[in-house]
1. Summing -39500 (n - 2.57) over the DSSP H runs of n ≥ 4 in the chain and dividing by its residue number, what mean residue ellipticity at 222 nm do you reach, to the nearest 500 deg cm²/dmol?
2. Using the Kyte-Doolittle scale, which helices in the chain average at least 1.6 and also have C-alpha atoms spread 24 Å or more along the helix axis, with helices defined as whole DSSP H runs?
3. Expected output is a single nm value to one decimal: the length gained when fully extending between residue 134 and residue 62, i.e. 0.36 nm times separation in residues minus the C-alpha distance. What is it?
4. What's the local net charge at residue 62, with K and R +1, D and E -1, over the other residues with C-beta under 15 Å away?
5. Dividing the Cα radius of gyration by the Kirkwood radius, what Rg/Rh value follows for the stretch 195-259?
6. Quick one: Cα centre-to-centre distance for the stretch 83-145 and the stretch 1-67, in angstrom?
7. Under a cut-off of 21 Å between alpha-carbon atoms, report the lysines in cross-link reach of residue 247, not counting same-chain residues fewer than 8 places apart.
8. Grab the beta carbon distance between residue 212 and residue 192, set R0 = 22 Å, and tell me the FRET efficiency rounded to 0.05.
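Please treat every number below as a calculation from the coordinates, not as lab data. Note that the structure is predicted; figures quoted are calculated from it, not measured. Glycine gets a Cβ as well: all are built from the backbone with ideal geometry, and neighbour counts include every protein chain shown.
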Amino acid sequence: MQFCFIDTETTGLFTSYGDRICEIGLLAVDETLEIIESFESLVNPLREISAAAFEVNQIGDAELLSAPLFPQLADKVLELIDRRILVGHNVLFDNGFLKNEFRLAGIEYPDPRMLDTRDIARGLISSPSYGLSSLVGQFEIEVENRHRAMSDCLATYQLFKHLLALGLEKNYSSLEQMAGRYMIEPEKLFESLPDWLQEALEKGIEIEIEYMNRGNVTSRRKILPLSAFDSHGKLYIEAFCQSRKSKRTFLVERIKNVYPDRK
């Protein structure tokens, strides 16, 4: 069982709006979690970086003009992820962008099995936030140059090792057992989701929902689902909420109605 840790920086949040990868970091490790090989590169996305993305990663359009196009990097990416489990923090986001790049390049994507350090953390610890920054601080992981692909890739790798140690202490007898508990199988990824959510995630489309918050106040929201996850037997959606102009998490059982797109 070998792993490939991944982090991507992107021009924005949504492949459905034409956003692309502008930097990629990959870290291949063996069965003992020793690093075999690392790879990082800027990627010319053939479009401008959004102001919101630049505010986070500080990657400017000018420095990407001479960067390689993704098809020039595809063989190396395939070499590192081939027959390995893809690991990331919110890995479905990175995998979705990677899959989109392979689609645009006309190259078959291998659809690897995946592990999400965010999901593992949710299963092992209580935290006010399960974002990478919060968990890095909680485990006192030293990170330089946050929000760049290789730095965040290394942070995810270190976080995984901390979570593994905790898992072996509390719940699991081996790395294989813990990985099996949290493994994301591509062919099973959407099978337990409601049809409307499966379609929104697969096609990258916005939906309008009627949502009741913890105070039992109901409001209508237009959201773009980014990922779904299970926590303590309850299904949640992480989505970009248009009314709040930021990412939000929604408990699916609190969604009272889903309205079709009238466009």
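1. Estimated from H runs of four or more residues: -10500 deg cm²/dmol.
2. Details: long enough: 149-170 (31 Å, 0.49).
Membrane-span-like by this criterion, though nothing is claimed about a membrane: none.
3. 22.8 nm
4. On the way: positive: 47; negative: 23, 48, 61, 63.
Net charge in that neighbourhood comes out at -3.
5. 0.93
6. Here the two parts' Cα centres lie 12 Å apart.
7. Straight-distance partners of residue 247: 203, 222, 234, 256.
8. Values: r = 22 Å, r/R0 = 1.01.
FRET efficiency, residue 212 to residue 192: 0.50.
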